[in-house]
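Visitor: The following block contains the structure, expressed as structure tokens.
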Amino acid sequence: MDERYSRQKNLVSQEKLKKANVLIVGVGGLGGFSSLNLALAGIGTLILLDHDVVERSNLNRQVLYRESDIGKKKVYIAAERLKDINPYVEIIPIEGRIGEVNIPQRVDVVIDGLDNMEARFKAEDFALSHGVPYIFGAVEGFMGMVTFIDKGTKRLEDFIHKFPEQIPQVLAPTAAFTASIQALEAIKYLTGKGDLLRNRLLIYDALSTNFLEVRL
């Protein structure tokens with residue numbers, strides 16, 4: 001067990017990660033990559049929440065699914081794949097939508113794996129009402145954005161109107177990169193490392209290979 005995490009043991013507290021419960025709302029593009037990263041890191045418990053089924057159009061960017069999974073519930077397939085990747089992580093799949101189902105487990109941080117604003121507002125409300133942070137992430141084409149929201153920061157309603165909602169065009173590398181930043185924010189928060197993206201919206205433009213930090 002110790003050998004599994006030997007290449008990260010000097011970077012973060014494995015004990016803190018092992019004790020953590022992370023809720024990932026949506027296990028599609030963003031949620032799939034963020035849950036994969038956190039499972040590899042050895043988060044103690046991953047709670048996966050999703051209502052959707054695997055569609056063929058998902059397969060260009062949703063790393064946990066295969067052709068043979070089409071038509072099956074994402075949350076159960078994701079749980080199986082992640083458990084296979086790291087059997088030492090507890091994976092709890094919950095089928096449903098945020099705000100409509102009960103989350104019986106303790107939650108330490110909520111990660112956004114969603115693709116619509118109505119659900120994001122509900123996920124943010126859930127997190128803040130439970131006194132835990134919400135890590136927002138979104139992708140569109142070659143661009144991704146991430147911020148860290150808690151009770152001491154600006155909320156989605158304060159800035160998200162700048163980004164009109166639409167059906168996004170998404171590439172797997174953009175989703176993977178954005179979700180990796182989200183996972184890193186969660187790991188930093190849970191282990192007390194580094195500076196979090198509080199009141200800072202990080203935007204990555206892959207076409208120009210530029211980072212833009214917007215103060216909120």
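Visitor: Kindly check whether there is at least one residue in the stretch 182-200 that is part of a loop (DSSP other than H, G, I, E, B), modelled with pLDDT under 95 and more than 11 Å from GLY144 (Cα to Cα).
Guide: no
Visitor: Continuing with the same structure: When you check GLU100 against the structure, is it closer than 21 Å to SER129 by Cα and either crowded, with 22+ Cβ neighbours inside 10 Å or in contact with a helix residue (DSSP H, G or I) (Cβ under 9 Å, 6 or more places away or on another chain) (or both), yes or no?
Guide: It is true that GLU100 is closer than 21 Å to SER129 by Cα and either crowded, with 22+ Cβ neighbours inside 10 Å or in contact with a helix residue (DSSP H, G or I) (Cβ under 9 Å, 6 or more places away or on another chain) (or both).
Visitor: Continuing with this model, one more query. What is the one condition in (1) crowded, with 19+ Cβ neighbours inside 10 Å; (2) out of contact with any strand residue (DSSP E or B) (no Cβ under 9 Å at 6 or more places or on another chain); (3) among the acidic types (Asp, Glu) that ASP50 does not satisfy?
Guide: Only one criterion is unmet by ASP50, namely (2).
Visitor: Looking at VAL53, VAL89, can you tell me which residue is touching a helix residue (DSSP H, G or I) at 6+ places or on another chain (Cβ under 6 Å) and touching a residue at least 12 places away in the same chain (Cβ under 8 Å)?
Guide: Only one candidate qualifies: VAL89.
Visitor: Sticking with this one: For a quick check of your reading of the model, give me the residue pairs whose first member lies in the stretch 94-108 and is closer than 18 Å to ALA20 by Cα, whose second is of a type in the set (Gly, Ala, Ser) and in a loop (DSSP other than H, G, I, E, B), with beta-carbon atoms closer than 9 Å and at least 6 apart or on different chains.
Guide: Note: pairs meeting the criteria are ASP108/ALA20.
Visitor: Let me ask something else. Looking at this structure, is LYS151 among the basic types (Lys, Arg), in contact (Cβ under 8 Å) with a residue 12 or more places away in the chain and assigned to a loop (DSSP other than H, G, I, E, B)?
Guide: yes
Visitor: Filter the stretch 139-154 down to the residues that are farther than 12 Å from ALA127 by Cβ and surrounded by fewer than 23 Cβ atoms within 10 Å (Cβ to Cβ), then identify the one that is nearest to the chain's Cα centre (by Cα).
Guide: Filtering the stretch 139-154 for residues that are farther than 12 Å from ALA127 by Cβ and surrounded by fewer than 23 Cβ atoms within 10 Å (Cβ to Cβ), the one nearest to the chain's Cα centre (by Cα) comes out as MET145.
Visitor: Sticking with this one: Of the residues in the stretch 53-74, how many are of a type in the set (D, E, K, R), closer than 26 Å to MET143 by Cβ and part of a helix (DSSP H, G or I)?
Guide: Of the residues in the stretch 53-74, 2 are of a type in the set (D, E, K, R), closer than 26 Å to MET143 by Cβ and part of a helix (DSSP H, G or I).
Visitor: Let me ask you something else. Between a residue in the stretch 18-43 that is crowded, with 23+ Cβ neighbours inside 10 Å and any residue that is at pLDDT below 95, which pairs come within a Cβ distance under 6 Å, given they are 6 or more apart or on different chains?
Guide: Final answer for the pair search is GLY29/VAL170.
This table checks each residue for (1) loosely packed, with under 14 Cβ neighbours inside 10 Å; (2) under 17 Å from the mean Cα position of the chain (by Cα); (3) over 27 Å from ALA206 (Cβ atoms).
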site	(1), (2), (3)
PRO104	yes, no, yes
VAL109	no, yes, no
LYS122	no, yes, yes
ASP125	no, yes, yes
HIS130	no, no, yes
GLY137	no, yes, no
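Visitor: Next question. When both residues are 6+ apart or on different chains and their Cβ atoms are under 8 Å apart, which pairs have a first residue that lies in the stretch 1-15 and is closer than 13 Å to LEU40 by Cα, and a second that is among the aromatic types (Phe, Trp, Tyr)?
Guide: Close Cβ pairs satisfying both conditions: MET1/TYR88; ARG4/TYR88; GLN14/TYR5.
Visitor: Right, next: Looking only at the stretch 25-52, which residues are under 15 Å from LEU190 (Cα atoms) and part of a strand (DSSP E or B)?
Guide: Selection gives THR45, LEU46.
The values are calculated or read from the model by the stated rules, or taken from the named source; none is laboratory data. Just so it is clear, the structure is predicted and the values come from calculations on it, not from any experiment. Quick reminder, even Gly has a Cβ in these numbers, built from the backbone with ideal geometry, and neighbours come from all protein chains shown.
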